[in-house]
1. Say we look at the stretch 96-111 and pick out the residues that are away from ligand 1 (no atom under 16 Å from the Cβ) and within 19 Å of the chain's Cα centre (by Cα); which of these is surrounded by the fewest Cβ atoms within 10 Å (Cβ to Cβ)?
2. Need at least 1 residues that are open to solvent by less than 60 Å² (accessible area, probe 1.4 Å) and either touching a residue at least 60 places away in the same chain (Cβ under 8 Å) or touching a Cys at 6+ places or on another chain (Cβ under 9 Å) (or both) per element, so show me which helices (runs of 4 or more DSSP H) inside the stretch 192-266 make the cut, counting only ones lying wholly within it.
3. Looking only at the stretch 176-191, count how many residues are open to solvent by 30 Å² or more (accessible area, probe 1.4 Å) and either in a helix (DSSP H, G or I) or not small (G, A, S) (or both).
4. Condition first: within 16 Å of ligand 2 (Cβ to nearest atom) and within 17 Å of L9 (Cβ to Cβ). Now tell me which residues in the stretch 189-219 satisfy that.
5. Among the residues of the stretch 1-31, which ones are part of a loop (DSSP other than H, G, I, E, B), within 14 Å of ligand 1 (Cβ to nearest atom) and buried (at least 17 other Cβ atoms within 10 Å of the Cβ)?
6. Filter the stretch 10-19 down to residues that are more than 16 Å from ligand 2 (Cβ to nearest atom) and in contact (Cβ under 8 Å) with a residue 60 or more places away in the chain and give me whichever is farthest from E176 (Cα to Cα).
7. What are the residues in the stretch 36-53 that are away from ligand 2 (no atom under 11 Å from the Cβ) and open to solvent by 60 Å² or more (accessible area, probe 1.4 Å), if any?
8. Are there any pairs, at least 6 apart or on different chains, whose C-beta atoms fall under 7 Å, with the first in the stretch 159-188 and within 16 Å of ligand 2 (Cβ to nearest atom) and the second polar (S, T, N, Q), and if so, which?
Amino acid sequence: MLQSSSAYLDWNNSLDVLGKAHDAGLFVLIIGPKGTGKTSLVREFASRKGAKLESINFSLRTRESHLIGTKTLNDGTIGFDEGILIKSMKDGSFLYLDELNAAEADVLLRLDEALDDRRQIVLKESTGEMINADQKWFVVATINPLTHVGTKELPPQLLSRFPVRIRLDYPPEETEFEIVKRHVSGSFDDKLKQGINLANTLRQAAAVEELYYSPSLRESIAYAKLLDSGLDAKKSADIVFGNVYAQWGSVEYQKVSDIITSMFGR
Ligand SMILES: Nc1ncnc2c1ncn2[C@@H]1O[C@H](COP(=O)(O)OP(=O)(O)OP(=O)(O)O)[C@@H](O)[C@H]1O
Ligand SMILES: [Mg+2]
């Protein structure tokens, strides 16, 4: 089964934009809802460049020390355990700041310093030395749209440090079909198209707030995998696309059940 980064389909030429930004020394922000391929894109790019990728996934619990580092004490000797930002600056690796807008604003303050045009930071936490980023250092961040639970607006000065912005939304149905095909081996094109059509119908309903949840590419891929393992299409659709809506009660669930029945039969 295809599972590696080689399964990545560059359907909207994002790899090229990343490449141009990289060569120009510009940092990149990728904006898009969940499961649209943001992480896969960055991994694919790093692997094509043969670059080491350092990643951090931001949440409310992320602290400044995760980025900068922490003092250590070993047998009476004070040391410093470098955080991911410092490490990547020194190594000249790719730094992937995932879901940057899930972090508390104060955690992000030190990033302003490192990401400005000088690409340097004063390590006031330890020796006070100045860290200069290696020439090869490259930073890509992702944010989810503000409609996403737990996201905050990114401070404008931080936003401005990522002048190249790539929008990654759900692909057109035919493209989604090509993407999903890369993750399964079986041949069941018609059933697969039906599932992708259902996913898009649900996304459209969610976009106009008729439903609470919008399925991502992960659901389409999971649906395809269930087909691959021999489950029938209607059952797979119920399990992957339908049942989740029970979380918002029986009215919501019934709405989606009816859509599935109208598309797949009983
Ligand atoms: N262009 C693509 N080609 C091949 N597979 C893809 C593509 N885009 C997405 N996928 C697949 O869809 C799934 C979700 O992708 P990924 O995790 O990269 O999305 P994401 O945008 O980072 O999601 P999140 O916002 O939830 O972190 C993965 O299984 C990934 O392999
Ligand atoms: Mg991701």
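The values are calculated or read from the model by the stated rules, or taken from the named source; none is laboratory data. The model shown is predicted, which means the values in this text are computed figures rather than measured ones. Using ideal geometry, Cβ is built from the backbone for each residue, glycine included, and neighbour counts are taken over all protein chains shown. Remember, those area values only see protein heavy atoms, side chains included, never the ligands or the DNA or RNA. Shrake-Rupley method; radii C 1.70, N 1.55, O 1.52, S 1.80 Å.
1. Filtering first and then ranking leaves E104.
2. 217-228, 250-264
3. Within the stretch 176-191, residues that are open to solvent by 30 Å² or more (accessible area, probe 1.4 Å) and either in a helix (DSSP H, G or I) or not small (G, A, S) (or both) number 8.
4. Once the filter is applied, which keeps residues that are within 16 Å of ligand 2 (Cβ to nearest atom) and within 17 Å of L9 (Cβ to Cβ), the stretch 189-219 yields S216, L217, R218.
5. Y8, N12, listed by residue number.
6. V17
7. Result: S47, R48, K49, G50, K52.
8. Here the result reads I166/S14; L168/S14; L168/T36; D169/T36; Y170/T36, each pair linking the stretch 159-188 to a residue that is polar (S, T, N, Q).
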